[in-house]
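The values are calculated or read from the model by the stated rules, or taken from the named source; none is laboratory data. This structure is a prediction, so every number in the text was calculated from the model and none was measured. Heads up, the Cβs are rebuilt from the backbone with ideal geometry, glycines too, and the neighbour counts pull from every protein chain shown.
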Amino acid sequence: MTEYYLWLLKVMGAANPKSLQLIQHYGSVKNVYEAIAKDRETKFLTQTEVKRLNSSTLENAQRIMLECEKGGIKTVTLDDEDYPYRLQNIYNPPILLFYKGSLKGLNNDVCVTGVGARGATAYTAKVTRRTCMDLAKVGTVLVSGMAVGVDHLVHQSAIDANARTIGVLACGIGIDYPKGSIPTRERIYEAGGACISELLPFAQASKPYFHARNRILSGLSLGTIVFQAGIKSGSLITAEHALQQGRDLFCVPPHDLFDPDYCGVVKYLRDGAIPLFNYLDVVNYYYSAYTDKLNVINEKYTVSPENHFMFRKKDSVGEKEKSYAKTDSANEKTGTQPAGELSGSVNTKLSGEIKAEEFDFESREPEYKLIYDFISENGAQQLEVITDSCGISPDDISLYLLELE
């Protein structure tokens, strides 16, 4: 049946919502082929689509399948068991995915998408690395777009943790884009992850398709994290897709509220996106439904019975509720309410009561021990005092304190 999906993809083009509409109208993809290719029922097609129809045959689709097989490229169609079910339930799901690597178990995993700017600031890079590394270590499957900047940091963090990650390409699976990304893809496969694309194997990346690709990024996951986004950032398109798909939206608070590189993030936080201070904010959200998938074994992180607050905003039109934290996202698997906060969540009060035996200083940067010793000796202090005494920048010291607290 795959050849019929491939034929339809060639006729209609990728990300065309009409593909699924035709399948639904005629009852099956094979029926679409019979009606359009054989009976020439073209009333639903544009002139461009008719032109592609005239040059597309089932034999041609079968040849592409053979080429894919030789190149180690696998396919999964909308009606296959292995097709990601979260993606199946979005508007305009891809009718066919090409991939390398493994999609095994993806339907039961805690998948979280991470997006952000190509030109990540030092603050964003540090937060992305730390958050994604910790998420990967507890069993989260990280999803991103294989671009430079934040995307690369998301994937690399998972690779460094020897964990699975999924790359959603804006080009064909046989194209090296961004240039030099093939070695990263190979490491993704070695770690049990995959790279996927709805484009034909040797289709080049094109600017208009990036927007369409973003629906797959958010659609694969329970939630999306925006690490950095200016007011015109493409990451905001992924965020909008997440909201429209009823998925959870997390945003990392900026180090500077007035920095234009974070204007998009500030907007969503103001409207009710879930603030993310460290990986536990994600773990808290999905833990009760995925206790078998999230390996939170440190005994100081125990689940409390309190429920998360659901962020919502009122639409300006018709006072319709728009949810920024889908109340049943954690509920997909077990039907339970979203998890309560973990006791290890960030506490912004600097109490000076950090317990050294609960923190692994040896595997961390020396700044952690420096700050710990200062607070232990002097007790609670203003942030400026700690900054001056330890010789660490305000941006960096905030991150260290979050981990220590």
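Scanning the stretch 33-47 for residues that are more than 17 Å from THR2 (Cβ to Cβ) and in a helix (DSSP H, G or I), we see that the one that is modelled with the lowest pLDDT is LYS38. Of all residues in the stretch 62-85, those satisfying the criterion of being acidic (Asp, Glu) and in contact (Cβ under 8 Å) with a residue 40 or more places away in the chain are GLU67, ASP79.
In the set (1) out of contact with any Ser or Thr (no Cβ under 7 Å at 6 or more places or on another chain); (2) within 30 Å of ALA289 (Cβ to Cβ); (3) surrounded by 24 or more Cβ atoms within 10 Å (Cβ to Cβ), the condition left unmet by TYR189 is number (3). For the stretch 1-27, filtered to residues that are touching a Ser or Thr at 6+ places or on another chain (Cβ under 9 Å) and in a loop (DSSP other than H, G, I, E, B), the residue that is farthest from PHE210 (Cα to Cα) is MET1. All conditions in (1) surrounded by fewer than 18 Cβ atoms within 10 Å (Cβ to Cβ); (2) on the phi < 0 side of the Ramachandran plot; (3) modelled with pLDDT of 95 or more hold for GLY72, with the sole exception of (2). Residues in the stretch 15-28 that are over 12 Å from PRO93 (Cβ atoms) and among the small types (Gly, Ala, Ser) were compared, and the one that is surrounded by the fewest Cβ atoms within 10 Å (Cβ to Cβ) is GLY27. If you filter the stretch 163-178 down to residues that are in a loop (DSSP other than H, G, I, E, B) and of a type in the set (Gly, Ala, Ser), you find that the one that is nearest to THR77 (Cα to Cα) is GLY172. Here PHE227, PHE210 are screened, and the one residue that is buried (at least 19 other Cβ atoms within 10 Å of the Cβ), within 17 Å of the chain's Cα centre (by Cα) and within 22 Å of THR128 (Cβ to Cβ) is PHE227.
Can you find a residue in the stretch 44-61 that is basic (Lys, Arg), without any contact (Cβ under 8 Å) to a residue 40 or more places away in the chain and assigned by TED's automatic domain parsing to the domain that holds ALA191? Walk me through it before giving the result.
Step one: list which residues in the stretch 44-61 are basic (Lys, Arg), which gives 51-52.
Cutting the leftovers down to without any contact (Cβ under 8 Å) to a residue 40 or more places away in the chain gives us 51.
Remaining after also requiring assigned by TED's automatic domain parsing to the domain that holds ALA191: none.
For the stretch 44-61, residues basic (Lys, Arg), without any contact (Cβ under 8 Å) to a residue 40 or more places away in the chain and assigned by TED's automatic domain parsing to the domain that holds ALA191: absent.
When the stretch 74-128 is filtered for residues that are part of a strand (DSSP E or B) and over 16 Å from the mean Cα position of the chain (by Cα), the ones remaining, listed by number, are LYS74, THR75, VAL76, THR77, LEU96, LEU97, PHE98, TYR99, LYS100, GLY101.
Among the conditions (1) closer than 25 Å to PHE202 by Cβ; (2) of a type outside the set (Gly, Ala, Ser); (3) in a helix (DSSP H, G or I), the only one that LYS30 does not satisfy is (1).
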